[in-house]
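Everything below concerns the one structure shown next.
The values are calculated or read from the model by the stated rules, or taken from the named source; none is laboratory data. Fair warning: this is a prediction, and the values are worked out from it, not measured in the lab. Using ideal geometry, Cβ is built from the backbone for each residue, glycine included, and neighbour counts are taken over all protein chains shown.
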Amino acid sequence: MSEVEGMTAKQKLVYYQDKMYKDALEGKAKGELVCWSSSIAPCEFCETMGIHMIYPENHAAAVGAKHGALAMIEIAERRGYSLDICSYARINLAYMDLLVEEAKTGVTPKELEECPGPRIPLPDVIITCNNICNTLLKWYENLAVELNIPYIIIDVPYVHHWPIPEYTKEYIADQFEYAIKQLEDLCGKPFDRQKFIEVQEQCQRSVDAWDRAMGKACIVPSPLNGFDMFNFMALIVCARAKYAAEDTFNTLADELQAKADRGEDAFKGGEKFRIAWEGIACWPYLSHTYKSLKSLGCNMVGSTYPGAWSIHYTVGNMKEMGAAYCKMYSNTELAHKVDVITDVLTSTSSTGITYHLNRSCKLMSFLNVETAEIVKERTGVPYVSFDGDQTDPRNFSPAQFDTRVEALAEIMEENKNK
Amino acid sequence: MYTLGIDIGSASSKVVILKDGRDIVAEEVVQFGTGSSGPDRVLHQAFTKSGLTFDDMAKVVATGYGRFSVEQAQKQISEISCHAKGIFFLVPTARTIIDIGGQDAKAIKLDKRGMVSQFFMNDKCAAGTGRFLEVMSRVLEVPLDKMAEYDSKASEVVSVSSTCTVFAESEVISHLSNNVPKENIIAGVHASVASKACGLAYRTGLEEDIVMSGGVAQNEGVVRAISKELQKKVIVAPHPQVVGALGAALFAYDEAKKVQ
Amino acid sequence: MSKVETIVANFKAIASNPKKAIADAQAKTGKPAVGVLPVYTPEEIIYAAGALPVGCWGKATKTISKARTYLPAFACSIMQSIMEMELEGVYDDLKAVVVSSPCDTLKCMGQKWKGKCPVIQFVHPQNRGLASANTFLVEEYKLVRQRLEEALGVKITDEAINEAIEVYNENRQATRKFLEVAASYPQIITPVVRHAIMKSRFFMDKKDHTAAIKELTAELEAMPVEAWNGKKVILTGITAEPDEFLEILEEFGLAVVADDLAQESRQVRVDVPDGDEDPLMRLAKQWQNMYGCSLATDRDKKRIPMLVEMVEKYGADALIYCQMKFCDPEEFDYPLLYTQLENKDIRNLMIEIDQQANSLEQIRTRVQSFAEMM
């Protein structure tokens, strides 16, 4: 690990991410297996089998943040994909089409050549977990059919009554065994249970480091700004089963603590308000939303993202592991979702919250009204809602966003003076 | 023998009177569509100018949104078929039609005989239609018929990417308040319309020749933007606004011949 | 009126006035009503509780106003109109409402019920090949059963569920038989009539529906088959509502010879398997055996070959994809199906379905153009 010695957390983030994409591309060229995975699917199984992992949601977000979304989206629409479908899915399915075309013709399509996101190889297997949404099931079904490759499903049924029932955990645990069998068939080798334990242990250490780093947002004023959280998230998604994540997040936690000890905050003393952001980022407008909030002195310290990858379980316990992947707040009943968001507000001392009404994400939008009302009733924290989209740049209006957050800042100011 | 085709759209009414299925003796456009006085007025104009009357017409065929409201028509035929017929008559080498009207955008694929082999229409939203251009023309305070002129002077194409017309309006307003030249914004508006229309056109397979029709085809800025997006030559149909009415008149001629 | 006309008129009356139909069925059977939201619910458990399961599939030509507060514009129109009616108190006479969770929208709908009666939400497993998926679903069904018992104040026995399964299997078989026969009589079983017969299943005691549909089938079979000069189409999607859409099909001489609509044929596609085991396990296996539906995860997407086969089997001239606006499971299937249909030179048309249809003119244009193409 000498290459990373002395690196800052940000440098490590870039280094490790690049390395993973590079390793996957080179591995693919050598005939090694590549898996495409949803962002909160269990990575432990493929990691144990030595399969390279690529995360299409992350990749789509990166393409979006680098302003390459529209070109991909237009390709998906040509294929007949409705513009009402999740924009991550549209970007990825278009990207897949281009990769297939390249593989068939030997010529790199212009749109692929020009796509600003990192290059990724085609998968040999895909895995999805519907703890994020059921849309993933359909998206990956399309990948499986178009590419004619094995499709590992980890179905974590919607928890309409919290807590997660035992029988749900048993069903998930059984699916883990089936996933292992699918991988053994694919790889032509037995699943190494000892290595699996080691991978699980690494995941737990990575998650602990993630918790530690993200926990720094609770310090008042916060040394961490939430938009950095959006960026660092890439590594807890892509490298949870690797030392890379543990290393980077420990470095980040140390840096943030040192900063806090020096009495510095993320805005160089400009933290006027602490707010939470509910929902996915608007990647193509990441910089706009960040600057807009910053100009009002709003540091986004609260998010449900840290909790989403806080996947803890006793190593070796499949049922616990199943429950850990099932508990994503958007996969649970309204009352539990409200608890999670309330906890985010209180633990980060946020005095305002924005709800992203995300055109791409029905599951993370259709309970917003109820959630916002109950959370407000419970905490007294004011909220605003804005229209947007995670990566389709056509569904966001900077002017609307600015007006809403200005209104929020005014309400927070008033509350302060009360 | 005279036949008449009438195309009643959402924003305008069009009439073509055809002699022997070959020569256009009258073509009239009135900028009022279905439900208005437009249909009566456009018929009146066409008859006055040609000196003909309804009694001279062997057959009348109606098309467009208001096609079922024309009492004098013996037959109603959809605008998809009429546009295909009209375009094929005007440009026999056409294989792909892009038609942008007041509230619809369509892409039609033709076979060698000029028959429709597949077609795609926009979804309900106004983006990518004439209506969208109207809204933008109002916001920009540039008359519709001057939009192309502005576009031709653009030094760059600014992005107007919102799918939603309301959002696009606010996007344009914010460009205006940032003192972006209207020329560049208009080029962006045209590119936005082009991108929606091309989304439909790509699905036809884009066989050449590609021909544009509909009122919006008179806007060179949109035509240029479509051609640029598709990286292909785009021919503007002669009489683009009356192509549907022409097709209807041609169908009327076919009908009249059947009777004879 | 001929006998066929009388039966058809009765079905049409039921489908067009669910409120009266439900009141009539309740008066006749003395049963309380339990609502069932789309798409699949083990109605047998409700029936076994001595209640009348009633389908809640929204309402056509309903303007949406109150629901706008709770649902953004990008929720499908069925859920918009259900939400509107929840807020208007339309469902308040129901003893309970059962909500499945096969899509992201329904997950949320089960959590934001605004009606007065209790809501019973459950979830189907999506890793459907596994035995453990069936075991899981049995546990979910146990919950449904228990909550229904609480809501209705009754005990639901295994025996009663087994009997209900018989009633439902018979109804599914009779409905499938009818659909087969009806394909040869498009002059009588027009698209609107066909839909009314399928829709009335949701508002009748299934025994009564079975009896009526059997009678109609027998009457039809006794009639000579006349040549059909129009074209034949197959509908696929969630629903093909409102009726005005089906009237447009009629207007341009298109007969519906078969369908793969969630509201229609998918409801009767798969019987509950026979067996001596726990009736809830039998019901769970029905879900495992379900196929050809966008809401039942299928690694092979067999819906596509199924539809291609249907086109061949019924000699259909075309397939119409009834795309429920904002239904993403259906939106994902379309591009792959479209490619296959084009490869096989099967004519196809996509129509956007919206219960609050205000753009029927565009649909008319599309259908007419399509008919002219054929």
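Selection within the stretch A:60-102: residues that are among the charged types (D, E, K, R) and more than 7 Å from every other protein chain (Cβ to nearest Cβ). The member of this set that is farthest from B:Ala201 (Cα to Cα) is A:Lys66.
Screening A:Gly279 on (1) crowded, with 19+ Cβ neighbours inside 10 Å; (2) in contact with a helix residue (DSSP H, G or I) (Cβ under 7 Å, 6 or more places away or on another chain) shows it passes everything except condition (2).
Suppose we filter C:Val167, C:Val144, C:Val154, C:Val138 for residues that are closer than 20 Å to A:Thr332 by Cβ and hydrophobic (A, V, I, L, M, F, W, C); which single one remains? The unique qualifying residue is C:Val144.
Can you go through C:Tyr291, C:Tyr334 and tell me which one is within 14 Å of another protein chain (Cβ to nearest Cβ), surrounded by fewer than 19 Cβ atoms within 10 Å (Cβ to Cβ) and either touching a Gly at 6+ places or on another chain (Cβ under 8 Å) or more than 19 Å from A:Ala89 (Cβ to Cβ) (or both)?
Selected residue: C:Tyr291, the only one of C:Tyr291, C:Tyr334 that is within 14 Å of another protein chain (Cβ to nearest Cβ), surrounded by fewer than 19 Cβ atoms within 10 Å (Cβ to Cβ) and either touching a Gly at 6+ places or on another chain (Cβ under 8 Å) or more than 19 Å from A:Ala89 (Cβ to Cβ) (or both).
Summed over the stretch C:311-338, the residues that are of a type in the set (Val, Ile, Thr) and either assigned to a strand (DSSP E or B) or under 30 Å from A:Ser365 (Cβ atoms) (or both) give a count of 1.
Considering the conditions (1) closer than 25 Å to B:Asp23 by Cα; (2) away from every other protein chain (no Cβ under 12 Å); (3) not acidic (Asp, Glu), B:Val116 is excluded by exactly one of them, (2). Restricting B:Gly199, B:Gly188, B:Gly114 to residues that are under 22 Å from B:Asp99 (Cα atoms) and either over 23 Å from the mean Cα position of the chain (by Cα) or in a loop (DSSP other than H, G, I, E, B) (or both) narrows the list to B:Gly114.
So, in the stretch B:129-161, exactly how many residues are within 14 Å of chain A (Cβ to nearest Cβ) and of a type in the set (Ser, Thr, Tyr)?
Restricting attention to the stretch B:129-161, the residues satisfying the condition of being within 14 Å of chain A (Cβ to nearest Cβ) are B:132, B:139, B:157-161.
Adding the requirement that they be of a type in the set (Ser, Thr, Tyr) leaves B:159, B:161.
The number of residues fulfilling the criteria is 2.
Of everything in the stretch C:329-374, what is under 25 Å from the mean Cα position of the chain (by Cα) and acidic (Asp, Glu)? Give them in sequence order. Listed by number, the residues that qualify are C:Glu330, C:Glu331, C:Asp333, C:Glu352, C:Asp354.
Annotation note: of C:Gln356, C:Gln340, C:Gln362, the sole residue that is surrounded by fewer than 23 Cβ atoms within 10 Å (Cβ to Cβ) and touching a residue at least 60 places away in the same chain (Cβ under 8 Å) is C:Gln356.
Only one entry of A:Cys46, A:Cys86 meets the criterion of being under 21 Å from A:Ala241 (Cα atoms), crowded, with 21+ Cβ neighbours inside 10 Å and in contact (Cβ under 8 Å) with a residue 12 or more places away in the chain, and that entry is A:Cys46. The single condition from (1) assigned to a loop (DSSP other than H, G, I, E, B); (2) among the charged types (D, E, K, R); (3) over 26 Å from A:Asp389 (Cβ atoms) that B:Glu156 fails is (3). Mind listing whichever residues of the stretch C:73-105 are out of contact with any strand residue (DSSP E or B) (no Cβ under 6 Å at 6 or more places or on another chain), within 13 Å of chain A (Cβ to nearest Cβ) and part of a loop (DSSP other than H, G, I, E, B)? Once the filter is applied, which keeps residues that are out of contact with any strand residue (DSSP E or B) (no Cβ under 6 Å at 6 or more places or on another chain), within 13 Å of chain A (Cβ to nearest Cβ) and part of a loop (DSSP other than H, G, I, E, B), the stretch C:73-105 yields C:Ala73, C:Phe74, C:Ala75, C:Ser100, C:Ser101, C:Pro102, C:Cys103.
Looking across A:Ile311, A:Ile374, one residue alone is over 17 Å from A:Pro42 (Cα atoms) and more than 10 Å from chain C (Cβ to nearest Cβ). It is A:Ile374.
Restricting attention to the stretch B:124-168, the residues that are crowded, with 19+ Cβ neighbours inside 10 Å and acidic (Asp, Glu) add up to 1. Inside the stretch C:106-145, residues that are closer than 24 Å to A:Ser365 by Cα, more than 7 Å from every other protein chain (Cβ to nearest Cβ) and either part of a helix (DSSP H, G or I) or among the β-branched types (Val, Ile, Thr) (or both) make up a count of 4.
Among residues of the stretch B:1-30 that are free of Cβ contacts under 8 Å to residues at least 60 places away in the same chain and farther than 12 Å from B:His239 by Cβ, those with a beta-carbon under 9 Å from a residue that is assigned to a strand (DSSP E or B) and among the polar types (S, T, N, Q) at least six positions away or on a different chain give the pairs B:Lys19/B:Thr3; B:Val30/B:Ser13. Restricting attention to the stretch A:60-83, the residues that are part of a helix (DSSP H, G or I) and either without any contact (Cβ under 8 Å) to a residue 60 or more places away in the chain or not small (Gly, Ala, Ser) (or both) total 11. A count restricted to the stretch C:27-40 and to residues that are part of a loop (DSSP other than H, G, I, E, B) and more than 13 Å from C:Gln263 (Cβ to Cβ) stands at 3. For A:Gly117, the conditions (1) free of Cβ contacts under 8 Å to residues at least 24 places away in the same chain; (2) part of a loop (DSSP other than H, G, I, E, B) all hold with the exception of (1). The lone criterion from (1) over 22 Å from A:Ala399 (Cβ atoms); (2) modelled with pLDDT of 95 or more; (3) in contact with a Gly (Cβ under 9 Å, 6 or more places away or on another chain); (4) among the hydrophobic types (A, V, I, L, M, F, W, C) left unmet by A:Trp277 is number (1).
Just need a number here: residues in the stretch A:381-397 that are more than 21 Å from A:Lys272 (Cβ to Cβ), within 14 Å of chain B (Cβ to nearest Cβ) and touching a residue at least 24 places away in the same chain (Cβ under 8 Å).
Counting residues in the stretch A:381-397 that are more than 21 Å from A:Lys272 (Cβ to Cβ), within 14 Å of chain B (Cβ to nearest Cβ) and touching a residue at least 24 places away in the same chain (Cβ under 8 Å) gives 9.
Take the conditions (1) without any contact (Cβ under 8 Å) to a residue 60 or more places away in the chain; (2) part of a helix (DSSP H, G or I); A:Asn415 misses just one of them, which is (1). Scanning the stretch A:348-380 for residues that are touching a residue at least 24 places away in the same chain (Cβ under 8 Å), in a loop (DSSP other than H, G, I, E, B) and more than 25 Å from A:Leu296 (Cα to Cα) yields A:Arg359, A:Ser360, A:Cys361, A:Lys362, A:Leu363, A:Met364, A:Ser365, A:Leu367. Assessment of the stretch A:97-106 against the conditions (surrounded by fewer than 24 Cβ atoms within 10 Å (Cβ to Cβ), closer than 22 Å to A:Leu33 by Cβ and in contact with a strand residue (DSSP E or B) (Cβ under 9 Å, 6 or more places away or on another chain)) yields no matching residue.
Given the criteria out of contact with any strand residue (DSSP E or B) (no Cβ under 6 Å at 6 or more places or on another chain), without any contact (Cβ under 8 Å) to a residue 12 or more places away in the chain, outside any loop (DSSP other than H, G, I, E, B) and not basic (Lys, Arg), does C:Glu180 qualify?
Against the criterion (out of contact with any strand residue (DSSP E or B) (no Cβ under 6 Å at 6 or more places or on another chain), without any contact (Cβ under 8 Å) to a residue 12 or more places away in the chain, outside any loop (DSSP other than H, G, I, E, B) and not basic (Lys, Arg)), C:Glu180 qualifies.
Per the listing A:Ile91, A:Ile40, A:Ile85, the residue uniquely modelled with pLDDT of 95 or more, of a type in the set (Val, Ile, Thr) and under 15 Å from the mean Cα position of the chain (by Cα) is A:Ile40.
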